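Let me begin by presenting the structure, written as structure tokens, before commenting on it.
The values are calculated or read from the model by the stated rules, or taken from the named source; none is laboratory data. Quick caveat: nothing in here was measured; it's all calculated off a predicted structure. Here the Cβ positions follow ideal geometry from the backbone for every residue, glycine too, while neighbour counts run over all protein chains shown. Side chains are part of the model used for accessible areas, which takes the heavy atoms of the whole protein and leaves out ligands, DNA and RNA. Shrake-Rupley method; radii C 1.70, N 1.55, O 1.52, S 1.80 Å.
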Amino acid sequence: PIEGSSLAISILEKLNSLKCLTLSTTHYPEIKHFALVTDGFENASIEFTKTTVKEMIEHQQDKYSWVFMFIGANIDAVEEASSIGIRASYAKDYSSNSEGTGSVYATLDATMTCLRSVDSLTAQSVDLDSLVETSLSTIE
């Protein structure tokens with residue numbers, strides 16, 4: 001299945017480079033992730049309103065201590081994150097260029113590796129706010 005998503009992403013990128021207006025639906029999570037981190041594509045949902053998304057995010061944060069980060073180019077990331085229930089300190093703007101994008105991926109890789117290494121027994125002693133805020137401060 002992942003090969004199919006790679007092909008689909010290539011097609012979407014080509015259509016975007018040709019300035020085609022494209023509406024596509026997918027069951028591939030890789031494409032949905034691609035839409036979330038790629039400038040120029042919009043991941044839209046017809047099932048969830050912004051209010052519903054905010055309620056779901058806040059529930060997961062409060063009940064299960066999930067960590068949500070919002071990183072955006074060409075928008076006010078802090079304002080947008082706050083509007084859907086993500087802490088302003090967990091939001092960051094980045095430069096929409098190769099250096100900025102590279103910085104985002106490198107930072108997310110390091111941050112997620114660190115978060116995954118924290119097991120449930122030690123999670124109480126880890127200052128997640130400091131970890132996330134410090135990580136996001138390295139994004140260009």
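A simple spin-label model places pseudo-atoms 7 Å from Cα toward Cβ; at T138 and E55 they are separated by 3.8 nm. Per-residue surface analysis assigns L18 an accessible area of about 100 Å², computed on protein heavy atoms at 1.4 Å probe radius. Apply 1/(1 + (r/R0)^6) to the Cβ-Cβ distance of D76 and L7, taking R0 = 35 Å, and write down the FRET efficiency to the nearest 0.05. Working from the Cβ atoms, E equals 0.55. One decimal place: the segment N97-D109 gains 2.5 nm when fully extended, by the rule 0.36 nm per residue minus the C-alpha distance. Label separation (K63 vs S89): 2.5 nm, computed from points 7 Å beyond Cα along the C-beta direction.
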